[in-house]
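The structure appears below as structure tokens.
The values are calculated or read from the model by the stated rules, or taken from the named source; none is laboratory data. Bear in mind that the values here come from a model prediction, so they are computed numbers and not experimental data. Note that each Cβ is placed from the backbone with ideal geometry, even for glycine, and that neighbours are counted across all protein chains shown. Please note that ligands, DNA and RNA were not included when accessible areas were found on the heavy atoms of the full protein model with its side chains. Shrake-Rupley method; radii C 1.70, N 1.55, O 1.52, S 1.80 Å.
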Protein chains: 2
Amino acid sequence: MHRTHTCGELTISDLDKTVVLSGWVQKSRDLGGMTFIDVRDRYGVTQLVFDPADDETLRLQARALGREYVIKVTGRVIERESKNTKLSTGDIEIKVSSLDVLNAAKLPPFTIEDDTDGGDELRMKYRYLDLRRNPVRNNLVLRHRLAQETRKYLDAHHFLEVETPVLIKSTPEGARDFVVPSRMNSGEFYALPQSPQTFKQLLMVSGFDRYFQIVKCFRDEDLRADRQPEFTQIDCEMAFVEQEDIILLFEGLITHLFKVIKGVDFGAFPRMSYDQAMRLYGSDKPDIRFGMSFVELNDVLKGAGFPVFDNAELVVGFNAKACAPYTRKQLDALTDYVRRPQIGASGLVYLRYNEDGSLKSSVDKFYSAEQLSQWAQAFGAQPGDLLLVMAGDTDKVRKQLNELRLEVASQLGLRDKNTYAPLWVTDFPLLEWDDESGRYHAMHHPFTSPKTEDIPLLDEQPARVRANAYDLVINGTEVGGGSIRIHDRELQSLMFKHLGFTPEEAQKQFGFLLEAFTYGAPPHGGIAFGFDRLAAIFAGLESIRDVIAFPKNNAGRDVMIDSPSLIADEQLAELGIAIR
Amino acid sequence: MHRTHTCGELTISDLDKTVVLSGWVQKSRDLGGMTFIDVRDRYGVTQLVFDPADDETLRLQARALGREYVIKVTGRVIERESKNTKLSTGDIEIKVSSLDVLNAAKLPPFTIEDDTDGGDELRMKYRYLDLRRNPVRNNLVLRHRLAQETRKYLDAHHFLEVETPVLIKSTPEGARDFVVPSRMNSGEFYALPQSPQTFKQLLMVSGFDRYFQIVKCFRDEDLRADRQPEFTQIDCEMAFVEQEDIILLFEGLITHLFKVIKGVDFGAFPRMSYDQAMRLYGSDKPDIRFGMSFVELNDVLKGAGFPVFDNAELVVGFNAKACAPYTRKQLDALTDYVRRPQIGASGLVYLRYNEDGSLKSSVDKFYSAEQLSQWAQAFGAQPGDLLLVMAGDTDKVRKQLNELRLEVASQLGLRDKNTYAPLWVTDFPLLEWDDESGRYHAMHHPFTSPKTEDIPLLDEQPARVRANAYDLVINGTEVGGGSIRIHDRELQSLMFKHLGFTPEEAQKQFGFLLEAFTYGAPPHGGIAFGFDRLAAIFAGLESIRDVIAFPKNNAGRDVMIDSPSLIADEQLAELGIAIR
């Protein structure tokens, strides 16, 4: 038997019990002629004591143990002289009578401590050692709990978890597919799903009514810090529902998760249309943990002879509350920030509302005192505020100002990872123009329904057509998105037409879905949550990598197992493919 | 709003309520001048009544509805005159005041009834319609419940569900891999996992202690009725355990599932070594719902001058209890059965123990009455029994007799799908000889540990080395298997050597695991259950296909979405591969 108890279990109520523990040597030290060893497992740490008065040979053996050795000990639970209140087992220690080394350990390439000295690359290569560290393991324990609670909630609401296929069919819409050559159907390929979208819609056609799945999805895209080639979705679909039904039910899910995992209570989530979000925050995923929403200033600031404003489509700014004390250097740094190539603004204008009531702007020569006062008024500014203003083409300047707003908020400590601000963004545009392909793309996906009243605009003003689509945003991160789907064959065909499909292409790619719609498809809609992102938000982490057990690096490589890798020529031959 | 209630919800206690229902037209009929429609959803069926006295136009509209139309009705709950006790809603009907057609439906290619008229191929092509049928949907509801209960049990036992990667590395061991060309690492490939074996072992090295995952796995093998290229495992691993710990914990899981899903109580599962199973049943997955275990007869029947027995390595048979009345024709049919090429026996010998106490065999001329009596005694036979005997090379004849035993049991109705007989088979051989490659293969996988006392046999008598490996068999189907793993680098290297790996090959394929074992790997072991097979057993089905929402056919094709398929030349070019 390897253990009677875990290393996190024994307390004063176990005094005098003879126990067997197994685990890793966390550290050892000699004190007063005795040797003390902390033995660790997933559940905690227990102190072992080796007393030379009992068995000097055993003590010397213990002393020789290295860090991360795997040991098994038998001993008696005794009360500690100096208790450790930080440990659940801190009242006791084990007086060891026998010791087995289950496995030796080389010195790890980095320390297995909460704060390690290992760099990113080393920790990726030895991921199995990094996973020993409490903070990393705790992220995955959290992820487990989130998955369990999600399933509990959805099961209680009559959702069925149905597994959809991983080997599916490549389609040209959306991101790039990973493909899998078929040996039995030589020259043909499966694709890995970017989402189970069409399958979950077919389940609605099948009358499954409420479906969900916590499921791996795949996108062969160039990776950023928060992207992985394989990622996990909480994928959901419901029949006979309208947008409001879906929003309420999944607001319930998120509320449940925050309640049980974080002890945070939410009221009803605020909502905002896409248009509002762009106007007030320059982003379709505003971080509303803090204010500083945008104020449009064309009426106030244009026409005063300042060419940058006069020639701009939009002059817009926000009130950096209580930031009047910002120094010239700080303001210059903000200007540099918006001028960085990633943001690309030409400059930044400020109006400082000093505590003494005086107003000082960076463009004083163009504006009278009266005008500066109107400017401050437009923001509802108070003494001590700092008004930051940019100008340019509407879409561009909003995005630039959004970056500035987030930067200032970060500087002010307003983006506290322990504060949570959920928000529904609704009424997304159905289509967005893509310069590269010279055609409209579906903003969400081709199965999203347009608002009925906007359908007449499809031909003449496609960009103005709104979709029955909604995103859930938390702290400025999009964690979920969904839509009411098209369930009518004619409308779906029309949609494909507007996306540039010929009828033949639509038939070839999505004929099965179009046909399914002719056999009694119910109205339906759904949502999918990025489970990795959700877990990262719960864990207070920036990157999803830290909530994934075995992530890949930015080149899509698993550096631990060294994959991808070359395969044998016979494998290629069997699959009927060749390397170019 | 699409509905106030589902179609399976309303009872007599809802009388007089005004309700909205949505669902599919199951059937309609005219009776006494009124039109009745059964409307169906996942939850049940409710009868709608359209009374011309209320609204003749509405009744005519209702009459025109086809099967599988999707409708929404508003109406009042009234008591039915002739109640239907088979339906939960059978006491009431809805007097309809308004009707909307949400979607029309073409006539389905087969009837959407519990017993359909659709053939296999048609039902695969229109899987979304087949999934509408109660028996098919109920299989998936059952599967959902099994998954939920599995997670509940394992979570309660401190297992963490950890997602392991789907894009991993191709290895030559085991079945053929599906591979995925990497675009970012041109010329290299990922592989889809046949199981998360090495990752779950690394999680043990990481101290996760108890891991599970309900996870898709992939094998590019030629398909049989009970195989799919993608299938699902309940994959589990534990640290600091011995075989007995794993067996007891997962016996608990299976017991829990049968208790909550089927209301069946099991005691402790019987156990049998691999050697016993082969000797008594000629199979490593014996069906022990019934007896008829094998009796070896070399001592009794050899040396009497019957050359088939005299020249055989093994003479072995079983007692087909109470089958003495089998006719000559039935016996000939059994002989034909074992002579089929799939079984390949040369013949079958019987001894009939008639009710009158007389003995009659098909080889009477070689045996005296005394010898026939000894023969019967060796089986402990009773009047009315039929003894079936075969002879040949040991391994071969056992397998052939196993087939015969199962066939006779099927004929006798002893393989009742509502009876469940779980069995642990233990002490599997570590290695098995493979004629094709001319070397030993791991019977389970290369990470399975040999029994310590058998390690010295590895060099001289590798076939005699037993593994710490165990299978769970239910009703003659292997539903799970596992082992205590090797956790020592030296032993793992030795194992690779015996499997024909050079040290360089072992390092290249599994270097990460070998290295992990040097940083403090705990003793560990695990098990994996075939979730599809388990679900099929619970559903009383022969094929796993019926518990999979969207299965592939025997050619690995999804005929509904028409996959695999050709992909664009640009896709191939981006991936750096070409079709040969």
About its Cα centre, what dipole magnitude does chain A give when the only charges are +1 on Lys and Arg Cβ and -1 on Asp and Glu Cβ, stated in debye to the nearest 20?
1300
Chain B - percent relative contact order, Cα under 8 Å, separation 6 or more
13
Take the Cα gyration tensor of region A:263-407, multiply each eigenvalue by 5, square-root it, and list the three semi-axes largest first, rounded to whole angstrom.
25, 18, 15
Furthest towards positive pole of dipole, B:L359, A:Y337, A:F231, structure part the protein assembly as shown, Cβ charges:
B:L359
For peptide B:121-129, the mean count of other chain Cβ atoms within 10 Å per residue Cβ is 4
P(r) histogram, all alpha-carbon pairs of region B:506-580 included - 5 Å bins from 0, percent:
3, 11, 10, 9, 10, 10, 12, 18, 13, 4
Using alpha carbon centers only, region B:158-218 is separated from region B:548-567 by a whole-angstrom value of 23
If each label sits 7 angstrom from Cα along the C-beta direction, how far apart, in nm, is A:H158 from its counterparts in the other copies?
3.9
To the nearest Å, what is the center-to-center distance of region A:403-446 and region A:1-36, using C-alpha atoms only?
52
Using alpha carbon positions and the Kirkwood radius, the Rg to Rh ratio of region A:452-503 is 1.06
Calculated label separations, B:L31, copies of the chain, 7 Å along the beta-carbon direction, nm
8.5
Expressed as cubic angstrom per residue, what is the convex hull volume of the alpha carbon set of region A:12-103?
91
Here the net charge surrounding A:A536, from other residues whose Cβ is less than 13 Å away from its Cβ (Lys, Arg +1; Asp, Glu -1), is 0
How large is Rg over Rh for chain A, taking Rg from the Cα atoms and Rh as the Kirkwood inverse mean of 1/r across Cα pairs?
1.06
37 °C / 0.692 mPa s Stokes-Einstein diffusion coefficient of region A:167-315, Kirkwood radius on C-alpha pairs, µm²/s
163
Using the reciprocal of the averaged 1/r over all distinct C-alpha pairs, how large is the Kirkwood radius of the protein assembly as shown in Å?
34.5
State the answer as a single residue: which of A:L414, A:N319, A:V308 lies farthest towards the positive end of the charge dipole of region A:290-415, with beta carbon charges of +1 for Lys and Arg and -1 for Asp and Glu, about the Cα centre.
A:L414
If you take each beta carbon of peptide B:134-144 and count the beta carbons of other chains within 10 angstrom, what is the mean?
3
Mind putting together the pair-distance distribution for region A:194-276? All Cα pairs, 10 Å bins, whole percent per bin, short to long.
14, 31, 39, 16
Charge dipole of chain B built from unit charges on the beta carbon (Lys, Arg +1; Asp, Glu -1), centred at mean Cα; most positive-end Cα among B:G511, B:I37, B:T426 is B:I37
Check each of the GluC sites (Glu not before Pro) in region A:7-107 and keep only those in coil by DSSP with at most 12 other C-beta atoms within 10 angstrom; list them in order.
A:E81
For chain B, the percent of accessible surface on carbon and sulfur atoms (probe 1.4 angstrom, ligands and nucleic acids excluded) is 47
Treat every Asp and Glu Cβ in region A:290-415 as -1 and every Lys and Arg Cβ as +1, leave all other atoms uncharged, and give the resulting dipole magnitude about the Cα centre to the nearest 20 debye.
380
In deg cm²/dmol, rounded to the nearest 500, the helical mean residue ellipticity at 222 nm of chain A, built from -39500 (n - 2.57) for every DSSP H run of length 4 or more, is -8500 deg cm²/dmol
Consider all pairwise Cα distances in region A:357-455 and report the whole-number % of them above 23 Å.
56
Report, as an integer, the average count of C-beta atoms from other chains found within 10 Å of each Cβ along B:565-577.
5
Measuring from centroid to centroid over Cα atoms, what is the spacing of region A:225-241 and region B:248-324 in Å?
48
A:E515 neighbourhood, Cβ < 11 Å, K/R = +1, D/E = -1, net charge +3
So, over other residues within a Cβ distance under 15 Å of A:G357, counting Lys, Arg +1 and Asp, Glu -1, the net charge is -2
Restrict the search to region A:450-549; then list the GluC sites (Glu not before Pro) that DSSP places in a loop and that have at most 16 other Cβ atoms within 10 Å of their Cβ.
A:E460, A:E542
How big is the charge dipole of the protein assembly as shown about its Cα centre, in debye rounded to the nearest 20, if each Lys and Arg gets +1 on its Cβ and each Asp and Glu gets -1 on its Cβ?
760
What are the nm distances, shortest first, from A:T85 to its equivalents in the other copies, labels at 7 Å along Cα→Cβ?
7.0
Per the 1/(1 + (r/R0)^6) rule, R0 = 60 Å and r from the Cβ atoms of A:N84 and B:R340, FRET efficiency to 0.05 is 0.25
